[in-house]
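Student: Once you've had a glance at the structure underneath, I'll fire off some questions.
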Amino acid sequence: MMTKDVQMPSTLVVDDDAAIADVVAYRLRKAGHDVTVARDGVAALEALRAGTFDLVILDLMLPRLPGLDVLRVLRREATVPVIVLSARDGDADQVAALDLGADDYVTKPFSVRQLIARATALLRRSGYVATDDAAEPEPQASLIIDVGRHEVRKRGAVIPLSPKEFELLVYLARHGNTVRSRHAILDAVWGYEFDGESRTVDVHVHWLRRKIEDDPNQPVHLLTVRQYGYKFVPNPAGATSSAAVVGDQHDRLASPAVDETPRSRALRSS
């Protein structure tokens, strides 16, 4: 999806409001982005299919093809991070966009400075920042989670994942064989300020299973712990599939005895 040695992130801004699109594009260029602007949904898909982008900033109320439809098609074809920028501030619109694979949601009117900060943070989380790609021995595993390259390979073939799917998989893999609650997952992957429902986790786990498991209906790696959450099993007993994490500079910490998070503490004290 992205080339690590390219210094300027390539960003597609999709908005039919010329004033907003021009301001966002101008500020992104000042921040070091190579910016392409599309004024409607069809033009956005044409641009996405013609080029390679590191980030998409997408309005929902677009002519010719609505933004949610653009997002739906985009998620079938690419894993590029997406920030939705929309005047629709209702919970239903935000949940719909996030469930379709948006990585962030900013409502209009908005702070351009904050939007740029969110874009920078999302690029960093999605793996755009260059990492040390020094060669290391490839583990003999059927599923390779390559954090340094922001890539997942299943028996040698690259699996397209959205940024949130990748973050979720890495988080669970880093806590291999340890049960993580839905609240802990929401805090770690979506952030404590995320107002959506815990079913967002269930939806993304469902999508992940369809991509990484040999049989999504009988998963061996991504397991459900009823009434609590999920755990990732890298080497399931009796299974022909195994998993390994490579290129990870993350400092692993001992898992707490209790899966306590800011969200769970707030719920417990309320």
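The values are calculated or read from the model by the stated rules, or taken from the named source; none is laboratory data. Given the structure is predicted, the values throughout are model-derived calculations rather than measurements. Please note: Cβ atoms are built from the backbone with ideal geometry, for glycine as well, and neighbour counts cover all protein chains shown. For accessibility, only protein heavy atoms count, side chains too; no ligands or nucleic acids. Shrake-Rupley method; radii C 1.70, N 1.55, O 1.52, S 1.80 Å.
Student: Run down the lysines and flag those whose C-alpha is under 26 Å from the C-alpha of LYS164, throwing out any fewer than 8 positions away in its chain.
Tutor: LYS4, LYS108, LYS154, LYS211, LYS231
Student: Measuring from label point to label point, each 7 Å out along Cα→Cβ, what is the HIS206 to LYS108 span in nm?
Tutor: For HIS206 paired with LYS108, the spin-label model returns 3.1 nm.
Student: State to the nearest 20 debye the size of the charge dipole of segment 6-113 about its Cα centre, where the only charges are +1 on K and R beta carbons and -1 on D and E beta carbons. Show your work: numbers first, answer last.
Tutor: Values: 12 positive and 17 negative charges, 54 e Å.
Roughly 260 debye for segment 6-113.
Student: Loop-only check: which GluC sites (Glu not before Pro) in segment 145-224 are DSSP coil with at most 11 other Cβ within 10 angstrom?
Tutor: Details: sites: GLU151, GLU165, GLU167, GLU193, GLU197, GLU213; in loops: GLU193, GLU197, GLU213.
Loop-located and lightly packed - GLU193.
Student: Can you give the accessible area of ARG149 in Å² (nearest 10), computed on protein heavy atoms with a 1.4 Å probe?
Tutor: Answer for ARG149: close to 130 Å² accessible.
Student: Under a 1.4 Å probe, what is the accessible area of segment 163-242 per residue, stated in Å²?
Tutor: Values: 3790 Å² over 80 residues.
Per-residue value: 47 Å².
Student: For ALA157 and ALA92, FRET efficiency with R0 = 35 Å and r from the beta-carbon atoms, rounded to 0.05? Can you show the working numbers first?
Tutor: Values: r = 37 Å, r/R0 = 1.05.
FRET efficiency, ALA92 to ALA157: 0.45.
Student: Here's a follow-up. Between ALA19 and TYR228, what's the calculated FRET efficiency when r is the beta-carbon distance and R0 is 51 Å? Round to 0.05. Working shown, then result.
Tutor: On the way: r = 48 Å, r/R0 = 0.95.
For ALA19 and TYR228, the calculated efficiency is 0.60.
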